[in-house]
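Note sheet for the following structure.
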Amino acid sequence: MAKRPDEIAELRVNGMIFRDWTAVQVENRITEWFPRFTFECTEFITVPTSWTALQFKPGDFVEVHLAGQQAVLGYVTERHVGYDAKNHGVRIVGVGKTFDLTNTSIYEQSGSYDNQSWRSFARAMIAPYGIGLKTVGAIDDTPFQNLHVQPGEIVAAAIERYARHRKIVVGSSPDGQLVALGDHAAVSTDALVEGRNILRANAVIRDESVYSKIFAMGQSNGSDAQWGDPVNKLIAEVPGKSTRNRPLVVMTDIADTKHGLQQRANLELNFTDGLSVEAHITVQGWVRPGGQLWKAGDYYRVYSPMLMLDHTLGCRCVVYEQSAGGTITTLEMVDPQHMNGKPNLRIGAL
């Protein structure tokens, strides 16, 4: 049976388009460094008609399209093949373009970036790889007085180390760009409603990772104008939502100003308070009523009395799947605060 246009998955490799897959899984995470995908094709005939065409290999550049919309831009990393007298199967595994930043060493880009903003520094780090930087919301462009990277450091590690001191959440996009999430409004673009479009769901409301206060401790760089405790013993503080006495101390790993320490504490608050609510919601198909894919990074109104949820949540991760059982999307929803979105969380009585 022919598939509907909004349920067609395509791999575009070496100028060719491949559509006849028996299993598909594509995962995008707005708060992680790269997306992932797995495509499988099994043919139960002696000589598969597409076997010659499926000879692409690890390292090949790939575009993944779901329902005619780009879902991943990246590379094949693994090719698995198996066969016997009657069955032939191939599995293609790949990652987004930004994957290379997570296991590639800094070499030509090493050195000093003193008095530069994080945005300028990040662009310098990713430029040799042909990767762009997409920003969302207000990015803190306060310059770092001292910013230095050594040859051999992993690109992603260096970028994220300094991002933490500007309250920037680093992630990736379907079109192969690095994403920087600054402070932004969490505006709902669609709804996930119990009894209407939610096939199944589960949620957890937790307080094991929330704190009453979060402290960031570190130091700045001394000079002839400033020295001693005002430089060596910097402390920033932010209140959390725990009602118990639960302090958390974060020791910073770079020298920065009091502003940088405060932003580091604020980011830690996002990652702790922001994960106090987590819901996994599965819907039919890959597209919303308007025809657009459900996307990581978007905000959706979640109404589910059984989950005690009735507010806007952020989609941290989206997994698109297709198999003999059908075509579905699973969305991992969290408090917008976790994604630097303005919180709008209301929880029923616990």
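The values are calculated or read from the model by the stated rules, or taken from the named source; none is laboratory data. Here the structure is a predicted model, which means the values were calculated and not measured. Glycine gets a Cβ as well: all are built from the backbone with ideal geometry, and neighbour counts include every protein chain shown. Heavy atoms of the whole protein, side chains included, go into the accessibility calculation; ligands, DNA and RNA do not. Shrake-Rupley method; radii C 1.70, N 1.55, O 1.52, S 1.80 Å.
Of everything in region 54-89, what is over 17 Å from ASP20 (Cβ atoms) and either open to solvent by less than 20 Å² (accessible area, probe 1.4 Å) or touching a His at 6+ places or on another chain (Cβ under 6 Å) (or both)? Give them in sequence order.
Those that are over 17 Å from ASP20 (Cβ atoms) and either open to solvent by less than 20 Å² (accessible area, probe 1.4 Å) or touching a His at 6+ places or on another chain (Cβ under 6 Å) (or both): ASP60, ALA71, VAL72, GLY74, VAL76.
So, in region 206-249, how many residues would count as being more than 15 Å from PHE271 (Cβ to Cβ), at pLDDT 70 or above, small (Gly, Ala, Ser) and out of contact with any Leu (no Cβ under 8 Å at 6 or more places or on another chain)?
Going through region 206-249 one residue at a time, the tally reaches 1.
Residue check, ARG244 against (1) open to solvent by 60 Å² or more (accessible area, probe 1.4 Å); (2) of a type in the set (D, E, K, R); (3) farther than 11 Å from SER212 by Cβ, all met but one. Which one?
All conditions pass for ARG244, except number (3).
Restricting attention to region 95-113, does a residue exist that is within 19 Å of ARG12 (Cα to Cα), of a type in the set (S, T, N, Q) and either touching a residue at least 24 places away in the same chain (Cβ under 8 Å) or in contact with a Lys or Arg (Cβ under 8 Å, 6 or more places away or on another chain) (or both)?
Within region 95-113 (the criterion being within 19 Å of ARG12 (Cα to Cα), of a type in the set (S, T, N, Q) and either touching a residue at least 24 places away in the same chain (Cβ under 8 Å) or in contact with a Lys or Arg (Cβ under 8 Å, 6 or more places away or on another chain) (or both)), the answer is yes, since at least one residue qualifies.
Tally time: how many residues in region 90-123 are modelled with pLDDT under 95, open to solvent by less than 50 Å² (accessible area, probe 1.4 Å) and of a type in the set (Gly, Ala, Ser)?
The total comes to 2.
Looking at VAL283, VAL319, VAL302, which one is part of a strand (DSSP E or B), open to solvent by 10 Å² or more (accessible area, probe 1.4 Å) and of a type outside the set (Lys, Arg)?
VAL319
Out of (1) touching a Lys or Arg at 6+ places or on another chain (Cβ under 6 Å); (2) closer than 26 Å to MET306 by Cβ; (3) free of Cβ contacts under 8 Å to residues at least 40 places away in the same chain, the odd one out for PRO247 is which?
Every listed condition holds for PRO247 apart from (2).
Just give me the residues in region 136-161 being open to solvent by 60 Å² or more (accessible area, probe 1.4 Å) and either within 15 Å of SER110 (Cα to Cα) or of a type in the set (S, T, N, Q) (or both), in sequence order.
Once the filter is applied, which keeps residues that are open to solvent by 60 Å² or more (accessible area, probe 1.4 Å) and either within 15 Å of SER110 (Cα to Cα) or of a type in the set (S, T, N, Q) (or both), region 136-161 yields GLN145, ASN146, HIS148, GLN150, PRO151.
Is one or more of the residues making up region 254-262 of a type outside the set (A, V, I, L, M), closer than 24 Å to VAL204 by Cβ and either over 22 Å from the mean Cα position of the chain (by Cα) or outside any loop (DSSP other than H, G, I, E, B) (or both)?
Taking every residue of region 254-262 in turn, none turns out to be of a type outside the set (A, V, I, L, M), closer than 24 Å to VAL204 by Cβ and either over 22 Å from the mean Cα position of the chain (by Cα) or outside any loop (DSSP other than H, G, I, E, B) (or both).
Can you name the residue in region 144-164 that is part of a helix (DSSP H, G or I) and of a type in the set (D, E, K, R) and, of all such residues, is nearest to GLY182 (Cα to Cα)?
That would be ARG164.
Output the number of residues of region 91-143 satisfying the condition of being outside any helix (DSSP H, G or I), of a type in the set (Val, Ile, Thr) and either over 18 Å from GLU63 (Cα atoms) or under 21 Å from the mean Cα position of the chain (by Cα) (or both).
9
In this structure, is PHE18 modelled with pLDDT of 85 or more, within 29 Å of the chain's Cα centre (by Cα) and either among the hydroxyl-bearing types (Ser, Thr, Tyr) or within 19 Å of SER172 (Cβ to Cβ) (or both)?
No, not satisfied.
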